[in-house]
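Take a look at the structure below.
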Amino acid sequence: MCGIVGYIGEKEAYPIILNGLKRLEYRGYDSAGIALFDGKNINLCKTKGKVVDLEKKFSDKQSNKGSLGIGHTRWATHGIPNDVNSHPHLSNSGDLVIIHNGIIENYASIKKELLNRGYTFTSDTDTEVLVNLIEDVKKKENVKLGKAVQIALNQVVGAYAIALFDKTKPDEIVVAKLGSPLAIGIGEEEFFIASDASPFIEFTNNAIYLEDEEMAIVRKGRAIEVRKIKDDSVVAPYIQELKLNLEQIEKGGFDHFMLKEIYEQPTVIKDTYRGRLLPTKGIIKLGGLENYIEKFTNADRIIIVACGTSWHAGLVAEYIFEDLARIPVEVEYASEFRYRNPIITEKDVVIAISQSGETADTLAAIKLAKEKGAFVYGICNVVGSTISRETHSGTYTHAGPEIGVASTKAFTTQITVLTMIALKLAKIKGSISNAHYMLLLQELEMIPSKVQEALETDSKIKEIASIFKDVSNFLYLGRGYNFPVALEGALKLKEISYIHAEGYPAAEMKHGPIALIDEQMPVVVIAVNSNHYDKVVSNIQEIKSRKGKIIAVVTEGDTTVKEMADYIMEVPNTPEVLTPLVTTIPLQLLSYHIAVMLEKNVDQPRNLAKSVTVE
Ligand code: AGP
């Protein structure tokens, strides 16, 4: 996620903004910039890299004077990380300067109109389009900045937290919010703008958190003005007195980044399909795929290469692609694929999945596949990462930075992208009926609310965790689409609680693992509504007859398994193909609570790195 900081008041803005950006570094970013008004000009400095690079560049180049300014750390979504695409962005006249966190979905059509009106652009960003739209409105309607922002934002589709000022009227900053966070710190004769309170908590603990579709104008020495963007109606601001400390603010009030990221899943799944999944039109738009559809529809097979949790997402994709798009899929551990001299031809499509986009084994597998002539498609979470640059094309997940070493929101957003790809190919191939296709688009759009429902069972899952936190082994069982989820649930538990856990296809129990079952062995069974439901019920009976303890993930309202299991974790009903997006939630929470109860280092577990860039 990008970070925004702004200041207007009596103090020097530069040190406040620079330190504020440093406070937001935890959000993850790839470039940074600051714009200051020195009483006459806008001094703007921005750079790919870290805030410390910006600090050096600023001190080398220009004055950092002025008591009005805005600053930004960019997590790239449109346009690769480089100096030009970094924020802040100036309007064509040079009068307006803006910073933005979010995604303007209809920026391309707005840019086209502005180009026709003679506007020029230096960057590939949606943000530069927005600042010039505001300038265009301001000129055409002959209105002040605040009104121009309100009119312009009513033409915009997407998510934003913006801050901007006009050098011709340097006594105010205008801010607006939809979908991305924006906090306003209220000091004595001064205002602070930020993505969260961490940049200004040392100056004031009085803050306003703008609601969606609200804008505000902060003016030196005057009261804040808050309005509704839609109808310009005045809003009475709710000023909170913050009691959070700095560390709590960085984690959004959660105790760990992992828990924050588990709870971000409804939002980031929506961010990942925003502008891409259009159920009312019955279409899926994936920019990176549009020019390569034939590669997939004519492919002999799809080979998925990945590691760890991303490999589990690939395994889910195998079921989805073969079930819906009827394209043969093989899923390979990248670390094995790269060394086993695999048979790869030009008729193969390789999909590489990686949250970090830097995993050495996955990168090596990509290079091998390219050498042998395959078309390689990437699914990454970091714009401009090595893997995203090495693949022929790809689709980014919009999960935002994943700080916790244990991958959670990356998994569900990867599956979201893979499901959209499979549905798009199935529609083109006619391998599913239009009715089924349309139903799945609508159901996929409802997933964020179903994930939210699953998150609301957290306290119940915490109780279950307290019962099993001291066991030495766990088994995780699933069938079909939920076999990979069983593997993922076991990995989550292993890597943060250090309890040994194994995932298995439920039917495999009788081929050996059932020998492990006794009253000391808790077995997590994913037993949601599916074609395999009755078979899974039989597996549960087999375990119970050997005194195993059953913790079952069931579809809410299930009565059969509820009677058999020792403990149940309920998830909302959804078509089987989408169940991994909800069944993984209780497993993430179970592993999180057990690890916390065991006082493990949840965000940085022992022996692990967030990105395994070594072989
Ligand atoms: C998952 O929780 C682990 N942190 C790890 O298995 C991870 O998924 C794996 O290293 C792959 O990372 P990538 O997605 O960044 O390539």
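Brief remarks on what is shown
- Segment 231-277: proportion of alpha-carbon pairs further apart than 16 angstrom, %: 62 percent
- Counting only alpha carbon atoms, the long axis of helix 360-371 and the longest principal axis of the chain meet at about 90°.
- Segment 225-315 shape via C-alpha gyration tensor axes, a/c threshold 1.5: oblate
- Where GluC sites (Glu not before Pro) fall in DSSP loop in segment 1-102, at most 14 other Cβ within 10 Å: Glu10
- Kirkwood hydrodynamic radius of segment 451-508, from the reciprocal of the average inverse Cα-Cα distance over all distinct pairs: 12.3 Å.
- Which listed pairs, of Lys50/Lys260; Lys460/Lys544; Lys46/Lys167; Lys139/Lys167, have C-alpha distances above 20 Å, in listed order: Lys50/Lys260; Lys460/Lys544
- For Asp83 and Asn205, a Förster radius of 30 Å and the Cβ-Cβ distance give a FRET efficiency of 0.25, rounded to the nearest 0.05.
- Prolate/oblate/rounded call for segment 218-375, Cα gyration tensor, a/c under 1.5 rounded: prolate
- With Cα atoms, 0 to 90° folded angle of helix 51-61 axis to the chain main axis: 20 degrees
- Other residues with beta-carbon under 15 Å from the beta-carbon of Lys228 carry, at +1 per Lys or Arg and -1 per Asp or Glu, a net charge of -3.
- Using alpha-carbon coordinates, inclination of helix 483-497 to the longest axis of the chain, degrees: 70 degrees
- Computed Kirkwood radius, in angstrom, where 1/r is averaged over Cα pairs of segment 400-553: 17.4 Å
- Convex hull volume per residue, computed on the Cα atoms of segment 148-247, equals 98 Å³.
- Pairwise Cα inverse-distance average, inverted: Kirkwood Rh of the chain (Å): 25.6 Å
- The label-point distance for Asn106 and Ser59, in a model that sets each label 7 Å from Cα toward Cβ, rounds to 4.6 nm.
- Under 19 Å from the Cα of Lys610 - aspartates and glutamates, other chains or at least 8 residues apart: Glu25, Asp30, Glu250, Asp255, Glu261, Glu264, Glu358, Asp361, Glu402, Glu488, Glu495
- Cross-link partners of Lys295 among lysines, defined as those whose alpha carbon lies under 28 angstrom from its own and excluding same-chain residues fewer than eight positions apart: Lys270, Lys281, Lys285, Lys347, Lys367, Lys370, Lys372, Lys424, Lys427, Lys429.
- Potential lengthening between Lys372 and Ser472 on full extension [0.36 nm per residue; Cα-Cα distance subtracted]: 31.5 nm
- Shape call, segment 289-352: gyration tensor on alpha carbons, a/c limit 1.5: oblate
Each reported figure results from applying straightforward, stated rules to the coordinates on display, with no laboratory input. Because the structure is a prediction, the values reported are computed rather than measured. Cβ sites come from the backbone with ideal geometry, for glycine too, and all protein chains shown count toward neighbours.
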